[in-house]
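See below for the structure under consideration.
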Amino acid sequence: MNGSARNAARLLGAGVRALLVLTVLCGVLYPLVITGVTQGLFPRQANGSEVKEAGKVVGSSLIGQRYDLPLRTGQETPEPDLKWFQPRPSNGLGTNSVNTQYKLILSGATNRSGDNAELIKWVRDAKAAVVKDNSTPGYRVPASAVPPDAVTSSGSGLDPDISPAYAQLQVHRVAERNHLSVQQVEKLVKNHTRQRVLGFIGEPRVNVLALNVALRETVG
């Protein structure tokens with residue numbers, strides 16, 4: 001074997017050994033260590049921030065979900081189930097046209113500019129619906145009280161939180177539909193309002209899924 005062949009064999013052997021060592025370190029040991037650390041220190045976050053009700057996983061606190069009535073014959077868009085607190089609109093969601101076997105929902109923003117006619121119509125229609133849906137015989141929602149997050153979707157369309165103002169706006173309707181007092185529902189909202197992280201990061205927020213789980217428990 002000449003010198004060039006020996007050098008090539010030596011380099012090949014070094015490359016194979018490096019591949020094996022790095023595969024064990026990065027592909028086996030590192031994931032095991034990180035998994036062990038996260039499961040030990042942050043088990044809830046590591047497992048997807050699951051929200052449970054009666055021992056059953058009902059969703060994640062990081063992903064928004066809708067509360068709609070079953071589709072009726074001829075309907076293309078379901079109506080909201082007004083027993084529950086409603087999340088932000090989800091105009092950015094689309095239907096998956098590639099993997100049609102599972103009909104996955106694709107998240108995303110509407111990508112409409114502020115002066116887009118379609119977006120303006122969405123916002124106006126959403127505002128009118130919010131006023132109509134949340135007004136009760138003894139309480140009329142003023143149009144000026146509708147907050148921005150009640151009529152606009154988030155960048156992903158899957159925002160799990162709403163503003164305290166939007167949660168408060170829904171209180172009278174939720175109380176009436178569930179035969180609860182306004183004070184009971186207001187207390188639920190207050191108990192599930194989270195303040196800014198470290199006092200200055202983000203905005204006060206209410207997790208819709210956690211709030212509706214508490215509402216179901218209250219109704220019994």
Between E53 and D68, what length in nm is gained on full extension when 0.36 nm per residue of separation is reduced by their alpha carbon distance?
3.5 nm
For the stretch 105-123 and the stretch 128-155, what is the centre-to-centre distance using only Cα atoms, to the nearest Å?
18
Calculate, in nm to one decimal, what S60 and A46 gain on full extension: separation in residues at 0.36 nm each, minus their alpha carbon distance.
3.9 nm
Residue-span extension gain [D115 to S181] - 0.36 nm each, minus C-alpha spacing
19.6 nm
Which translational diffusion coefficient, to the nearest whole µm²/s, is obtained for the stretch 111-159 from the Stokes-Einstein equation, given a Kirkwood hydrodynamic radius over C-alpha pairs, 10 °C and 1.306 mPa s?
134
Taking the beta-carbon count within 10 Å as an exposure proxy, list D149, D115, D68 from fewest neighbours to most.
D115, D68, D149
When we measure straight from the Cα of K56, which aspartates and glutamates land under 18 angstrom away, once same-chain ones fewer than 8 places off are left out?
E217
Averaging over every viewing direction, what projected area does the convex hull of the Cα atoms of the stretch 1-47 cover, in nm²?
3.6
Interchain or sequence-distant (5+) residues whose placed amide H lies within less than 5 Å of the amide H of V58 are V51, K52, E53
Between V16 and V37, what FRET efficiency comes out of the Förster formula 1/(1 + (r/R0)^6) with R0 = 25 Å and r the beta carbon distance, rounded to 0.05?
0.25
Going fewest to most other Cβ atoms within 10 Å around each Cβ, T218, T136, T73 line up as T73, T218, T136
Under a point spin-label approximation (7 Å from Cα along Cα-to-Cβ), what is the E79-E203 distance to one decimal in nm?
3.0
Restraint check, K83/K127; K132/K187; K83/K190; K83/K132, Cα-Cα greater than 21 Å
K132/K187
Counting other C-beta atoms within 10 Å, which of T193, T38 has the fewest, and how do the rest follow?
T38, T193
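Read-outs throughout are calculated quantities, based only on the coordinates presented, and are distinct from any laboratory measurement. Just so it is clear, the structure is predicted and the values come from calculations on it, not from any experiment. All Cβ positions, even for glycine, are placed from backbone atoms using ideal geometry, and neighbour counts span all protein chains on display.
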